[in-house]
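Step one of this worksheet: look at the structure below.
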Amino acid sequence: MCPLPALRSQPLQAQQRRILQLEGEVEALRVEAALQQDANAAARGATRAAEARVQELQQELDNNAGEACLTASVCGLGLMAWDLHDA
């Protein structure tokens, strides 16, 4: 009996084990990439929601600033008229 076939099968088995190992690593990377895509999508959604809230708050601030200017103008005119009346 010649030991040659057994010697030839050892490198083949090692290569097959390496292929299985690499396939496992590829699958793990696919899962990791899918999880990262989900996390990125969630982050994009949160960013859009935060940007929308910033716009709402900016609009509210602009509205309040406009009301404050209007109130200051009316009060200012009232004070001026009052001051002229006392003069």
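Net charge within 13 Å of GLU32 by Cβ-Cβ distance, Lys/Arg positive one each and Asp/Glu negative one each, not counting GLU32 itself?
After counting each charged neighbour, the total is -2.
In terms of the ratio Rg/(2.2 N^0.38 Å) built on C-alpha atoms, what value belongs to the range 1-62?
Rounded to two decimals, the normalised Rg is 2.55.
Residue by residue, what Karplus-based ³J(HN,Hα) values in Hz, rounded to whole numbers, does the range 39-53 have, using 6.51, -1.76 and 1.60 with θ = phi - 60° and x for Gly and Pro?
5, 5, 5, 5, 5, 4, x, 5, 5, 4, 5, 5, 5, 5, 5
What is the sum of charges, Lys and Arg at +1 and Asp and Glu at -1, for the other residues whose Cβ falls under 13 Å from the Cβ of ALA68?
So the surrounding residues net to -3.
Using the Cβ atoms and a cut-off under 15 Å, what net charge is assigned to the surroundings of GLN59, where Lys and Arg are +1 and Asp and Glu are -1?
Residues near GLN59 contribute -4 overall.
Quick note: the coordinates plus some simple rules give every number you see, no bench work behind them. Everything numeric in this text was worked out from a predicted model, so none of it was measured. When we count neighbours, we look across all protein chains shown, and the Cβ atoms used for this are built from the backbone with ideal geometry, even at glycine.
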